[in-house]
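Contents: one structure, followed by commentary.
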Amino acid sequence: MSKTTIRKRIALTATTALFAGMLTVVATPTTYATTHKFAGETTGGTNTQTDQGLINENLFVATLPNTGSEAVVGGTAGTVSTVTGIDDTALSKGLLAKDASSGTAQTATVLAGGALSLYTRVSTAAAFFTTGGSFSAGYAGATKSPYYNSTNTYVGFDEAGAASLYVASGIAVLWTAPTTVGTYAVHMLTGFATDSTGASIEPTAANGLTPPTLTAAITVTVVAASAGGAYSAANSACETTQNLAGATATNVDGVDSTSSVANGGSWAIALKLRDAYAQALTAGNLVATATNGALLSWGSSAGTVTATPLAGTGSTVVAYRAGSLDALRIDQGTAGAPLTTTVTISFNGTTVCTKTVSIAGKVATLEVSAIQTQDLSLGTHSKDIDASGRTGGQLFQVVAKDSAGNRVATDGLGTFSADSASLAAALPTVSAISVAHSATATSSTSAYSYSTGLYTCGAAAGTASMKIKFTTTGTGEAVTSPAFTLRCADNPYTYTASWDKASYVQGEVATLTVAFKDSKGNAANNVVTPGAATFVTPMLTAVSTTGSGSMLPSANGSKTYTFTVGTTSGMTAGTYTSIIDFTGLTDVAAEKATPTYKLTTGGDTTTNADVLKSIVALIASINKQIQALQKLILRR
């Protein structure tokens, strides 16, 4: 064969060294279960690949248990055309772990001197090489013939006849691991070489060519002894959850639920225990204990957590089972009492999980706050006063707490209603009270951890003492709040305005307070806006919005606005008069407010008039002294 017809010729004895230098050995990764599964593989007693993998793109490792003394290469006469015809007889020996992939990033862990039984399906020439260990027992039926280099670190498969006659068929080979511990690589190549015209040339033992494409690679960690069978924290996980139905061995990853649990609810812990090779631990003693009287129970069987266990009867529970997957239920020890408990789980005496969870108690107290002033003869309010996105129903807030002071989410737990006695006494000022939005959260930083409510006013302004109660649906227990005051008033009609100081220095903050009154002189409600306004404030710069018609007063009928003293172009000291004009009100009955203020620059503010005044006063004082001296002289 001439050099002009062969693009590349490599002696078999040099192939291993060449590729070992070109290909990077992947670092030893975390180990995985030995019974790895590929797409379409059945779950029971075979290595079967129903999809057989992609031709020329996969390399499989036999993972069936092997009680024999030797590894077994896959394949028998007449079964070579498919992967499924050779995989059921393939047995590795000493395999401790294998990841679930079958491409160029595979990993495996094997005992020193053990063997991997490899198999695949190709439609081209194929070859295997390794950085350590040796190949043997190559099998390809009658269609292909294996050939080896002198050290058995390379094995090729060729086929008699033209390359175009190749058909997809299965091949298999054993790779025996070195007796020296370390990390080694096993690679598979496929494809054809090409000559100078681009024609395909089959790599064979005779021409010494090597298939050009790296199809699969396995990084193999060879160890002296198995680290399996003992608990591994790195490969195990436990997590609190409210969704046992969605817990599987693959998604139990140790990420705890952020949900809150209401009175009468239960927590669960999903648990999986693995060894250093991510194998489920064999049966052992699982013991769970809980503090503060929490009740525990294990699921009815190991291996599944899709069904919530029955409620427990004690704070310590013991089970003898494997660690593939498990579930522990946590309940209140005393019905209605708030619970915070720390649960500790051990396996054969080793602590494997510690979790702290809380279950809210029944509603014990109600706290009413943020009370707004309602309009007369009105029972609605559409403003979103707390910026929570809840429009309407926000004239007061109610926080429900259990006996430990924890906030309770009342939504779906029960109903709010007026205390009948206080409502009767509030008539006719207040005729109804209700909660429009019930609390859905328990975090004190969330607006949704309190309920928001409305009340209906009569036709006359005034105040009323009120109580509200919450009734738990499941038990019928009712809790009543302390008395709180509701106020009813008419819309803004007149107003006054005042500054917080008579005099300001440049750079200070000035606060203007506008007090709105209804037509009867009562502090106005804060349900109806006072309307648009025009502010004239010489030498002041507005910080808060002044002209918006949507600015509601506070519950006492007042509204504050802030200004900085000075402008971008500077400031002139002096006394100024501001003009505060709520045009919608002044057009009817109100008068414009004109509060004054004095401004100084903060430096020496003495004027010529001040100096002249001081001189005149000094002269007058001197004249008086002269006159007194003259009188004294005349007496003598």
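Quick note: the coordinates plus some simple rules give every number you see, no bench work behind them. Computed from a prediction, not measured in an experiment: that's the story for all the values here. Cβ sites come from the backbone with ideal geometry, for glycine too, and all protein chains shown count toward neighbours.
Nearest 10 degrees, 0 to 90: what angle lies between the long axis of helix 608-635 and the longest principal axis of the chain (Cα atoms)?
40 degrees
What's the local net charge at ILE330, with K and R +1, D and E -1, over the other residues with C-beta under 14 Å away? Write down the numbers at each step before the final one.
Values: positive: ARG329, LYS355; negative: GLU239, ASP256, ASP326, ASP331.
Combined, the nearby Lys, Arg, Asp and Glu give -2.
Once you list every other residue whose beta carbon is under 15 Å from the beta carbon of GLN242, what net charge do they have if Lys and Arg are +1 and Asp and Glu are -1? Could the numbers behind the result be given before it?
Working: positive: ARG329, LYS355; negative: GLU239, ASP256, ASP331.
Computed value for this residue: -1.
Could you compute the net charge surrounding VAL408? Neighbours are other residues with a C-beta less than 15 Å from the C-beta of VAL408; K and R count +1, D and E count -1. If you can, show how the numbers build up before the last one.
Working: positive: LYS362, LYS401, ARG407, LYS469; negative: GLU367, ASP402, ASP411, GLU477.
In short, 0.
Restricting to DSSP H runs of at least four residues, report the calculated mean residue ellipticity at 222 nm for the chain, -39500 (n - 2.57) per run over all residues, nearest 500 deg cm²/dmol. Don't jump to the answer; show the numbers that get you there.
Working: 4 runs with 50 residues, N = 636.
Mean residue ellipticity at 222 nm (helix-derived): -2500 deg cm²/dmol.
Using Cβ contacts closer than 10 Å as the measure, can you line up ILE330, ILE433 from fewest to most? Don't jump to the answer; show the numbers that get you there.
Numbers: ILE330 27, ILE433 24.
Ordered by Cβ neighbours within 10 Å, fewest first: ILE433, ILE330.
If R₀ is 45 angstrom, what is the calculated FRET efficiency for the pair ALA224 and THR354, using the beta carbon separation as r and rounding to 0.05?
0.85
Kindly point out, ordered by number, any Cys in the chain whose beta-carbon has no other cysteine beta-carbon under 4.7 Å away.
That list is empty.
Relative to the longest principal Cα axis of the chain, at what angle does helix 12-22 sit, 0 to 90 degrees, rounded to 10?
For 12-22 against the chain, the angle is about 10 degrees.
Sorted from fewest to most neighbouring beta carbons within 10 Å, what does the list HIS187, HIS381 look like? Don't skip to the answer; put the middle values down first.
On the way: HIS187 20, HIS381 24.
Fewest to most other Cβ atoms nearby, the residues stand as HIS187, HIS381.
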